[in-house]
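See below for the structure under consideration.
The values are calculated or read from the model by the stated rules, or taken from the named source; none is laboratory data. It should be emphasised that the depicted structure is a prediction, and the values quoted were computed from it without experimental measurement. Glycine also receives a Cβ, built like all others from the backbone with ideal geometry; neighbour counts cover every protein chain displayed.
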Amino acid sequence: MGVELKNRTALDTRDSLDELSELASTAGGEVVGDGIQKLEAPIAATFIGTGKADEFARQCQGQDVDTVIFDDELSPAQSRNLEQVFECKVLDRTALILDIFAQRARTKEGKLQIELAQLQHLLPRLTRFWGHLSRQKGGIGMRGDGETQLETDRRRVQDRISRIARELDVVRRQRATQRQGRQRNLWPLASIVGYTNAGKSTLLNALTGATVLAEDKLFATLDPTTRRLRLPTNQNVLLTDTVGFIRKLPHGLVEAFKATLEEVVQADLLLHVVDASHPQAEEQIQAVNAVLEEIGASGKPTIMVLNKVDRLTANGHAGGEKFLPRFPNAVAVSALTGEGLPTLLAELNTQVRPIREFVELSVPHAESAVIARLHAVGQVIERNYNGEQAWFKVRLPPHLHVEFAPFIVQELQLPTPADPPA
């Protein structure tokens with residue numbers, strides 16, 4: 001079910017609903033139909049109008065539908081009211097995406113992140129699960145079974161959320177340690193980002209020879225994978241495949257996946273993979289940029305990788321024609337056939353050369369926030385805390401030069417990255 005609001009076009013609503021249908025199929029459902037209502041604004045009680053809800057409910061009962069999925073996030077009250085009208089399970093887009101992520105998670109870290117997002121989504125909706133129990137008047141000693149059980153469940157969920165958050169903090173520290181270990185090689189870090197099913201994992205496999213699962217499905221890969229890529233000039237780059245983004249990505253999911261998305265935040269360079277054959281490629285680019293801004297990764301040097309051009313050329317269209325003039329560093333490729341990959345490697349080599357500055361800084365010990373920030377965003381090569389000032393030799397992204405300018409003593413010659421042992 002979708003709603004065409006006044007700030008949405010009919011095309012946008014239809015495309016989003018088609019994507020929701022694909023998500024439902026990915027989750028294992030069989031889609032038997034859909035419906036759209038035009039509204040000025042969502043109805044507070046039932047999201048769609050009561051008359052339209054009754055009409056849709058009759059259609060669902062005639063087709064033995066057991067689940068109705070809405071394309072927008074529903075409030076707990078709206079979900080409860082709609083389930084009474086439809087007499088079946090009612091989900092929203094957020095719950096559906098969480099279900100897909102739960103099916104796809106393989107590592108302990110991924111499962112923890114999904115469970116955290118699911119519990120945070122469930123917590124305000126607990127009341128509907130205990131509505132069938134008696135609830136007497138409020139007051140000491142006058143609470144009904146439903147209210148007592150609800151409070152017990154809410155405490156249990158909150159306790160579990162706290163435990164998972166602590167475990168994810170440990171994961172985040174472990175990832176930081178692993179990242180520092182990789183950075184000792186002085187190799188640039190590049191993250192592959194993009195809309196789900198744009199071909200990110202296929203590109204990683206094609207460039208590095210990795211064997212990451214790559215399927216023509218939404219959210220086929222959740223867990224990040226890092227591999228070494230040696231460029232034609234023998235420059236080494238660490239390339240990380242990350243979880244795909246999607247329009248209306250739940251904010252709670254972004255929060256839960258911060259341990260994973262830190263790989264994107266810490267990257268020196270982004271490879272933004274776009275499915276150039278998709279009719280809504282422009283909207284997908286905007287959705288990815290919105291998520292990058294939300295996690296604090298916007299403004300990084302980016303190579304726009306226009307993937308799946310083999311589908312365009314097969315239909316007689318030039319690959320990426322409408323995007324190449326707008327993005328100077330754009331490269332048209334087919335990760336599946338290998339077309340354009342040499343050009344992408346050449347562009348990648350050009351971009352990584354000036355990717356970091358090698359500077360020496362002197363920071364007063366009292367500026368603990370500056371020192372912490374330095375360790376968070378830079379690669380500390382040497383440090384010395386003796387004396388009145390702390391001294392550092394650090395590799396910094398150029399866009400952070402202004403932030404640390406008051407503490408920079410001199411700019412140094414960038415050391416040549418170490419060649420890995422044979």
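Observations on the model:
- Filtering the range 220-275 to residues that are of a type in the set (Gly, Ala, Ser) and at pLDDT 80 or above leaves 244, 267.
- Residues in the range 384-412 that are loosely packed, with under 15 Cβ neighbours inside 10 Å and either part of a strand (DSSP E or B) or of a type outside the set (D, E, K, R) (or both): 14 in all.
To keep it simple, each residue is scored yes or no on (1) among the aliphatic types (A, V, I, L, M); (2) out of contact with any helix residue (DSSP H, G or I) (no Cβ under 9 Å at 6 or more places or on another chain); (3) part of a loop (DSSP other than H, G, I, E, B); (4) free of Cβ contacts under 8 Å to residues at least 12 places away in the same chain.
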| site | (1), (2), (3), (4) |
| --- | --- |
| 252 | no, no, no, no |
| 277 | no, no, yes, no |
| 284 | no, yes, no, no |
| 288 | yes, yes, no, no |
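Okay, residues lined up against (1) under 22 Å from residue 330 (Cα atoms); (2) hydrophobic (A, V, I, L, M, F, W, C); (3) in contact with a strand residue (DSSP E or B) (Cβ under 7 Å, 6 or more places away or on another chain):
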residue: 235; (1), (2), (3): yes, no, no
residue: 245; (1), (2), (3): yes, yes, yes
residue: 248; (1), (2), (3): no, no, no
residue: 255; (1), (2), (3): no, no, no
residue: 262; (1), (2), (3): no, no, no
residue: 269; (1), (2), (3): yes, yes, yes
residue: 279; (1), (2), (3): yes, no, no
residue: 283; (1), (2), (3): yes, no, no
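- Complete set of residues in the range 23-39 that are of a type in the set (A, V, I, L, M), assigned to a loop (DSSP other than H, G, I, E, B) and over 18 Å from residue 60 (Cα atoms): 27, 39
- Condition check for residue 153: closer than 30 Å to residue 20 by Cβ, in a loop (DSSP other than H, G, I, E, B) and either at pLDDT below 85 or among the small types (Gly, Ala, Ser) (or both): no
- Filter result for residue 129 (aromatic (Phe, Trp, Tyr) and at pLDDT 60 or above): no
- Residue count, the range 354-372 (criterion: under 29 Å from the mean Cα position of the chain (by Cα), surrounded by fewer than 16 Cβ atoms within 10 Å (Cβ to Cβ) and touching a residue at least 12 places away in the same chain (Cβ under 8 Å)): 1
- Considering the range 4-22, the residues that are basic (Lys, Arg) and either more than 24 Å from the chain's Cα centre (by Cα) or in a helix (DSSP H, G or I) (or both) include one that is nearest to residue 39 (Cα to Cα), namely 6.
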